1. Taking θ as phi - 60°, what are the ³J(HN,Hα) couplings along region 73-80 by the Karplus curve (6.51, -1.76, 1.60), each to the nearest whole Hz, with x for Gly and Pro?
2. Show me 141-152, 242-253, 172-183 ranked by packing, highest mean number of other Cβ atoms within 10 Å first.
3. Given 10 Å bins starting at zero, what is the percent of C-alpha pairs of region 73-167 in each, up to the one with the largest pair distance?
4. If you roll a 1.4 angstrom probe over the protein chains with everything in place, what fraction of the accessible area of region 186-265 belongs to carbon and sulfur, to the nearest %?
5. Per residue, what accessible area does region 170-261 have, given a 1.4 Å probe and all protein chains present, in Å²?
6. Of Lys80/Lys228; Lys200/Lys232; Lys80/Lys298, which sit over 32 Å apart, Cα to Cα?
7. Order these peptides, 223-231, 65-73, 102-110, by their mean beta-carbon neighbour count within 10 angstrom, highest first.
8. How would you order 82-95, 127-140 from highest to lowest mean count of nearby Cβ atoms within 10 Å?
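The values are calculated or read from the model by the stated rules, or taken from the named source; none is laboratory data. Just so you know, these numbers come straight off a predicted model, no measurement behind them. Counting neighbours? That spans all protein chains shown, and the Cβs are built from the backbone with ideal geometry, glycine included. These area figures cover heavy atoms from the full protein model, side chains too; ligands, DNA and RNA do not enter into them. Shrake-Rupley method; radii C 1.70, N 1.55, O 1.52, S 1.80 Å.
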Amino acid sequence: MNTQNKEFKAWLKSPLALPLSLIALVVLYYFCICDVYTVLDNRKSQVFQWMVDSWNGRNDLLHGFAVPFLFLLFSYQSFKVMQDEPDSSGKSGIAFLLLGLLLFVGSARTIQPRLALIGIPFLISGSVIYACGWRAGRHMLFPAFFWWFAIPVPGLNQLTNFLQVFVTQACYYVGSGLGMDLINTGNDITSATGKWSEFKIAEGCSGIRSLMALVMIAAIFAYYTQDKLWKKAVLFASALPLALFGNFCRVFTILVLAECGFEAFAGGLYHDFAGFFIFFPAALGGLILLDRLLNPKKFRKKVKVTQKG
């Protein structure tokens, strides 16, 4: 094992190691898991094609197109760190490989391509851990499991409805508390004084697309900025409340502009670009603030005391 790991890690230091390794993994798993053949009438499911087809606005998964490029970037960073790790046993990688194969078999038996996609990170990380040892291979866990952000998530319609109701009621109660005359009917908010016409909090305004992108960003931010697992978990879990806050700010500012007499601008140009100028700054600002709260020593200013002689 030690000899095998030493030889493989020595090869990793060559300039062609990273591209050849990634190409080999992609080719291997593409041809092995591209098609899921089931036991029922030889039905076949195109796993990768099904995943790529899901990356569209209808499924709120447009961020999926960024996942392959980010996977390559994170893998490159991991390979550089792996070279400096000491030798260790890679037997734990076998468990990852077996679990990935089990998920693939389950996918074939149940005609569920999502199970095969869930198993791919286990196969990728298991292969690297077995070849390089646990200490080096564990750095590949995050890039490998980052692929999960590209998998279609079931039940998003129910979450969309929840976000619509939350944003609508939050804007209504806060606006009413601040003196705005509003009428709330379902997911619609209307000015009681007739200053502006009805604003409907539609599915596209629920924030589900921004939420999925923010969850992915929160995972990256947590992994590369925090040194403890519990801190990573706190930052990652904060994605949902921060997304709710950011989307509330976005929709509420639209109502404020309409109340001030800029209804056409609020419902048009501002509505289309508020996600970039309001949602993400508010949500990302929350992540940065939470990082400062979790790591006060990291941001504490160092004061130098000099004595005058």
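1. Once θ is set to phi - 60°, the couplings for region 73-80 become 5, 5, 5, 4, 5, 5, 4, 5 Hz.
2. 242-253, 141-152, 172-183
3. Reading upward from the zero bin: 17, 35, 25, 16, 7, 0.
4. Details: 2550 of 3740 Å².
About 68 percent, which is the carbon plus sulfur part of the accessible surface.
5. On a per-residue basis, 47 Å².
6. Numbers: Lys80/Lys228 21 Å; Lys200/Lys232 36 Å; Lys80/Lys298 25 Å.
From the list (Lys80/Lys228; Lys200/Lys232; Lys80/Lys298), the Cα-Cα distance tops 32 Å for Lys200/Lys232.
7. Values: 223-231: 12.6, 65-73: 14.9, 102-110: 17.4.
Result, highest mean first: 102-110, 65-73, 223-231.
8. 127-140, 82-95
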